[in-house]
Amino acid sequence: QVQLVESGGGLVQPGGSLRLSCAASGSSFSIRVMGWYRQAAGKQRELVATITRGGSINYADSVKGRFLISTDNTKNTVYLQMNGLKPEDTAVYYCAAGVPGTYNWGRGTQVTVSS
């Protein structure tokens with residue numbers, strides 16, 4: 001089992017930046033992919049970005065060029081640098097880690113983009 005703890009959400013004005021962090025503990029050796037998903041009110045959870053142990057990265061089209069996913073040297077912490085934030089980025093952001101299809105999930109952190 002992998003435990004995930006997210007941090008870094010908050011309220012930001014349009015055009016601003018936030019950095020999310022997610023630290024994995026427990027059976028982290030089992031992690032093949034780490035990433036971020038988000039769920040806006042009344043909508044389904046959607047992919048934001050993922051990164052594999054080998055460094056392959058995938059972004060949702062809606063965040064390409066604005067968001068950057070990365071990991072630390074241990075590869076047990078994943079970051080999401082969010083720049084050029086828009087009101088439509090408002091959502092609860094969830095960290096995911098493990099094997100696709102059987103992810104472990106964090107509890108989520110709220111990101112609100114509003115003036």
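At-a-glance table
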quantity	calculated
Filter result for the condition that a residue is under 11 Å from the mean Cα position of the chain (by Cα), within 23 Å of residue 1 (Cβ to Cβ) and modelled with pLDDT of 95 or more, over 93, 59	93
Qualifying residues in the range 33-54 (those that are in a loop (DSSP other than H, G, I, E, B) and closer than 17 Å to residue 101 by Cβ) - the one most open to solvent (accessible area, probe 1.4 Å)	44
Checklist (1) crowded, with 18+ Cβ neighbours inside 10 Å; (2) of a type in the set (A, V, I, L, M, F, W, C); (3) touching a residue at least 60 places away in the same chain (Cβ under 8 Å) applied to residue 11, failing item	(1)
Subset tally (residues that are crowded, with 18+ Cβ neighbours inside 10 Å, assigned to a strand (DSSP E or B) and of a type in the set (A, V, I, L, M)) for the range 61-91	5
Hey, residue 106 small (Gly, Ala, Ser) and on the phi > 0 side of the Ramachandran plot or not	no
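The values are calculated or read from the model by the stated rules, or taken from the named source; none is laboratory data. Since the model is a prediction, treat every value here as computed from it, not as a measurement. Methodologically, a virtual Cβ is constructed for each residue, glycine included, from the backbone with ideal geometry; neighbour enumeration extends over all protein chains shown. SASA here: full protein model, heavy atoms, side chains in, ligands and nucleic acids out. Shrake-Rupley method; radii C 1.70, N 1.55, O 1.52, S 1.80 Å.
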